[in-house]
1. Does anyone have the angle between helix 52-67 and the longest principal axis of the chain? Alpha-carbon axes, 0 to 90°, nearest 10?
2. I need the semi-axes of the equivalent ellipsoid of region 47-153: take the C-alpha gyration tensor, multiply each eigenvalue by 5, square-root it, list largest first in whole angstrom.
3. Can you work out D for region 118-176 in µm² s⁻¹ from Stokes-Einstein, where Rh is the Kirkwood radius over C-alpha pairs, the temperature is 4 °C and the viscosity is 1.567 mPa s?
4. From the mean inverse distance of alpha carbon pairs (Kirkwood) and the Cα radius of gyration, derive Rg over Rh for region 109-151.
5. Can you give the extra length, in nm with one decimal, that the chain gains between residue 12 and residue 90 once fully stretched, where that is 0.36 nm per residue apart less the Cα-Cα distance?
6. Helix 122-132 versus the longest principal axis of the chain: what is the Cα-based angle in degrees, 0 to 90, to the nearest 10?
7. Please list, in order, the residues from region 120-161 whose amide nitrogen is less than 18 Å from a point placed 7 Å along the Cα→Cβ vector of residue 178.
8. What distance in nm separates the two pseudo spin-label positions at residue 120 and residue 104, each 7 Å out from Cα along the beta-carbon direction?
Ligand SMILES: [Zn+2]
């Protein structure tokens, strides 16, 4: 996980009042671009992590089994489906069945994987978040390391486009634009 994502997840978790917020370290899991496998797995996005969701959701299910939770919630949206095969309905249907078959405790909890944003485009997610009062200033979209968004990478450009399409003001982008104006104007 990028440092910016971890910072944002920590702040949002605190703001949401989660009881226990766990981070798992998986240094061997890296994006295709970082492991130099872009050519070997041609056709997949450079940010793709091989078998990512199979691994992540198994870890989340292990936590669910331990604490007796009946739900694992994922934030995949409809735009992800076009890029990542492991965000499909079929994938999650089969994964949920597999996880339940491996744990009596999960079956007792009627274990399910919830993806409430799965049919929504990213801009629709931004619009929904705006109506729910999500603190956008705490969120993170950049794929690069740093303390502020670079506004040049795929993640940043997707964020700008989604906010624009949703007609929602992004406080982080607005703060960046204000700084730019100050630099241009003397005094
Ligand atoms: Zn960026």
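1. So the helix axis and the longest Cα principal axis differ by about 60 degrees.
2. Details: eigenvalues 158, 52, 44 Å².
Over the Cα atoms of region 47-153, the semi-axes work out to 28, 16, 15 Å.
3. Details: Rh = 11.7 Å.
For these conditions, the coefficient is 110 µm²/s.
4. Details: Rg = 14.2 Å, Rh = 13.0 Å.
Rounded to two decimals, Rg/Rh equals 1.10.
5. Numbers: separation 78, 0.36 × 78 = 28.08 nm, distance 3.02 nm.
25.1 nm is the gain from fully extending residue 12 to residue 90.
6. Once rounded, one gets 90 degrees.
7. Correct set: 135-139, 148-149.
8. Computed distance between label sites residue 120 and residue 104 equals 3.9 nm.
Values quoted throughout were computed directly from the atomic coordinates according to the rules given, and no laboratory measurement underlies them. Note that the structure is a prediction, hence the values are computed from the model and not measured. Positions of Cβ are generated from backbone atoms using ideal geometry, with glycine treated the same way; all protein chains shown enter the neighbour counts.
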